[in-house]
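Notes follow once the structure below has been shown.
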Amino acid sequence: MKQRTYWLLPDLASARRMMTDLRAAGVETRHIHFAGRDGLDMTGLHAANVLQTSDVVHAAKTGLVLGSVTGICAGLLVALYFPIVGDGPQWEAAGVLAVLGGAVGAWSSSMIGISIPSPRLERFENALAQGGILLMVDVRQSQAQAMASLLQAAHPEAHFAGTERHAPASP
């Protein structure tokens, strides 16, 4: 199980040194994510993608569930009251509309969720607006304490900002 650790860094130079130290410690680049204010030049850093910085995953899951439920209800009504062929209920309509409703719900909700900042990162908005850099590093829980000690010793300018258990948004 992975654990995401958050660090606030004062500037890009510190972030680049942190990236180099994490890579030297054996952390794969795909487990290191940096976020900053819009328009910040993140050259040399593995920038966080939309999955880490927006609410798109939660929105898509919610849309999938709500769209599927709506599709099932519509499908049952169609199957019972508006049969396409013959006079008997056509239960296939409920299944087809459930799948279509789920797909449309997930797609439309994800389009909304992509524009909403991640609730997990709300607490860092002020620091990022003032030019700080947020580091999100995913490590095994068994390695988290050792990694935190290493980073704190090598980067006294960095501020440890917490941890959370999670399933990574990216591989």
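Consider the range 11-41 and keep the residues that are surrounded by fewer than 18 Cβ atoms within 10 Å (Cβ to Cβ), in contact with a helix residue (DSSP H, G or I) (Cβ under 8 Å, 6 or more places away or on another chain) and not charged (D, E, K, R). The one that is modelled with the lowest pLDDT is Leu40. Could you list all residues from the range 124-139 that are exposed (fewer than 12 other Cβ atoms within 10 Å of the Cβ) and in contact (Cβ under 8 Å) with a residue 24 or more places away in the chain? Scanning the range 124-139 gives a single hit, Ala129. Restricting attention to the range 30-76, the residues being under 21 Å from the mean Cα position of the chain (by Cα) and among the β-branched types (Val, Ile, Thr) number 7.
Could you go through the range 99-108 and let me know if any residue there is exposed (fewer than 15 other Cβ atoms within 10 Å of the Cβ), in the same structural domain as Gln143 (by TED's automatic domain parsing) and either over 26 Å from Val139 (Cβ atoms) or touching a Cys at 6+ places or on another chain (Cβ under 8 Å) (or both). Scanning the range 99-108, I find no residue that is exposed (fewer than 15 other Cβ atoms within 10 Å of the Cβ), in the same structural domain as Gln143 (by TED's automatic domain parsing) and either over 26 Å from Val139 (Cβ atoms) or touching a Cys at 6+ places or on another chain (Cβ under 8 Å) (or both), so the answer is no.
Residue by residue, here is whether (1) touching a residue at least 12 places away in the same chain (Cβ under 8 Å); (2) of a type in the set (Asp, Glu) holds:
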site	(1), (2)
Gly71	yes, no
Pro83	no, no
Glu92	yes, yes
Gly105	yes, no
Ile114	yes, no
Gln141	yes, no
Thr163	yes, no
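Here Leu8 clears all of (1) at pLDDT 90 or above; (2) aliphatic (A, V, I, L, M); (3) assigned to a helix (DSSP H, G or I) except the condition numbered (3).
I'd like the residue in the range 12-39 that is charged (D, E, K, R) and free of Cβ contacts under 8 Å to residues at least 40 places away in the same chain and, out of all such residues, is farthest from Pro117 (Cα to Cα).
If we take residues in the range 12-39 being charged (D, E, K, R) and free of Cβ contacts under 8 Å to residues at least 40 places away in the same chain, then Arg23 is farthest from Pro117 (Cα to Cα).
Condition (residue is outside any helix (DSSP H, G or I) and either buried (at least 16 other Cβ atoms within 10 Å of the Cβ) or in contact with a Leu (Cβ under 8 Å, 6 or more places away or on another chain) (or both)) applied to the range 68-88: is it met by at least one residue? No: the range 68-88 contains no residue that is outside any helix (DSSP H, G or I) and either buried (at least 16 other Cβ atoms within 10 Å of the Cβ) or in contact with a Leu (Cβ under 8 Å, 6 or more places away or on another chain) (or both).
The values are calculated or read from the model by the stated rules, or taken from the named source; none is laboratory data. Computed from a predicted structure; not experimentally measured. Note that we place each Cβ from the backbone using ideal geometry, even for glycine, and neighbour counts take in every protein chain shown.
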